[in-house]
Amino acid sequence: MGFLRIRTTVDERPGRLASLASALAARGGNILGLSVQSDADGTVDEFVADIPASPEAVREALEAAGGRRVQVVPATAHELTDEPTRALLLASRLRSMPWRLPELLAELLRADDARWIYGEPVNDLPDPTLLVVPVARRRAVRLRRTGLPFTLTEAARAASFARLAQPAPGQTPSEHALKLADGAEVTVRPLTTIYREAVRDLHDRCSPEARRFRYFTSMPALPPRTFDRLCDRGRGFSLVAGHDGQVVAMANLMFTPDPGIAEMAFLVEDRWQGRGLGTVLARMLVRQARDLGYAEVRATLLADNARMRGLLTTLGASVGRTEDPGVVEARLPVGARASA
């Protein structure tokens, strides 16, 4: 019998996890730990199992059960500790010894090597076994882990962990007064039910095309139940931008059942489009998603929505096709890989 850490990418379909567990059970495996993570091209299931089969036999079994890019590496009994408890203990050590950030990051992610780097540009690295975690301007920690590439979820964990070693930020204000590049001033606030009428007026002023880009149909009015769902902080986080007593834009970040993934969408009044307001709101939503612990933000948009597509690409999102030729999906990591 031996402990193995097993990782496989799977399609996001019901029953896929059960198939993998059955495949391990058929090889005499006892699953002792399980985590589900988000990554760039699917969901990553990671198991720690006590299993008599060889790594190659385990790999073949999981591939036959629908797993992709199956990776199997040796594990130890020490890795069976409760992950949240382990992370909290490491965070406690970091708060008292912030100068040991590289060492503690390596322990958090079970990396083989971690070191400070200075003055180097922090860009996406083609080698998935390398992860750069920005800490300050022109200073970062570079991690290397042979055998198991880093996932988006792990990048988000690393970015959150590194923030513990930095000075505490001031309290986030409930509203932001912003000046756009053309000098126009707007105030951004969290969406609440007091903006019901103002959001209804926003829909009235938006063109059918603007509403179609947001809802995939030229919805003349937002149903009350949909508005209430956007205000529900248990389901997401939404912002409104106001100018001269009117709501001129709305940005929505909605939580999804997919682990580590949130979705965002925008409605900007026609006369305010192309002025940088959408970019400001998008950055706010991405920052909020990061603070809430999400690894990735996605946006589903119509293929002919060139303005939104350009905005998301500017932020670093990758855009890919979906099963519907008229719809594309943008994916934006919000952890360490996005901090650059």
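The values are calculated or read from the model by the stated rules, or taken from the named source; none is laboratory data. What you see is a predicted model, and the numbers here were worked out from it, not measured in a lab. Heads up, the Cβs are rebuilt from the backbone with ideal geometry, glycines too, and the neighbour counts pull from every protein chain shown. In case anyone asks, the SASA skips ligands and DNA or RNA and just uses the protein heavy atoms, side chains included. Shrake-Rupley method; radii C 1.70, N 1.55, O 1.52, S 1.80 Å.
Restricting attention to the range 301-314, the residues that are surrounded by fewer than 15 Cβ atoms within 10 Å (Cβ to Cβ), under 18 Å from LEU267 (Cβ atoms) and among the hydrophobic types (A, V, I, L, M, F, W, C) total 1. Among helices (runs of 4 or more DSSP H) entirely within the range 223-340, having at least 2 residues that are touching an Asp or Glu at 6+ places or on another chain (Cβ under 7 Å) singles out no element at all. The set of residues in the range 86-119 that are part of a helix (DSSP H, G or I), at pLDDT 90 or above and not aliphatic (A, V, I, L, M) comprises SER92, ARG93, ARG100, PRO102, GLU103, GLU107. Each residue in the range 1-21 was checked for being part of a helix (DSSP H, G or I) and more than 23 Å from GLU79 (Cβ to Cβ), and 3 of them qualify. For the range 24-39, does any single residue satisfy the condition of being modelled with pLDDT under 90, of a type in the set (A, V, I, L, M), open to solvent by 20 Å² or more (accessible area, probe 1.4 Å) and under 19 Å from the mean Cα position of the chain (by Cα)? Taking every residue of the range 24-39 in turn, at least one turns out to be modelled with pLDDT under 90, of a type in the set (A, V, I, L, M), open to solvent by 20 Å² or more (accessible area, probe 1.4 Å) and under 19 Å from the mean Cα position of the chain (by Cα).
The residues on offer are PHE255, PHE266, and the sole one that is open to solvent by 30 Å² or more (accessible area, probe 1.4 Å), hydrophobic (A, V, I, L, M, F, W, C) and within 18 Å of PRO190 (Cα to Cα) is PHE255. Specify which of the listed residues (VAL280, VAL286, VAL248) is of a type in the set (Val, Ile, Thr), open to solvent by 20 Å² or more (accessible area, probe 1.4 Å) and touching a residue at least 60 places away in the same chain (Cβ under 8 Å). One residue alone meets the criteria, VAL280.
Screening THR8, THR43, THR76 for residues that are under 28 Å from ALA106 (Cβ atoms) and loosely packed, with under 15 Cβ neighbours inside 10 Å leaves exactly one candidate, THR76.
In the list ALA49, ALA53, which residue meets the criterion of being more than 29 Å from LEU332 (Cα to Cα), open to solvent by less than 40 Å² (accessible area, probe 1.4 Å) and part of a loop (DSSP other than H, G, I, E, B)? Testing whether each residue is more than 29 Å from LEU332 (Cα to Cα), open to solvent by less than 40 Å² (accessible area, probe 1.4 Å) and part of a loop (DSSP other than H, G, I, E, B) leaves just ALA53. Look at the range 16-44: where a residue is on the phi > 0 side of the Ramachandran plot and a partner is assigned to a strand (DSSP E or B) and surrounded by 15 or more Cβ atoms within 10 Å (Cβ to Cβ), sitting 6+ places away or on another chain with Cβ atoms under 7 Å, you get GLY28/ILE51; GLY42/THR9; GLY42/VAL10.
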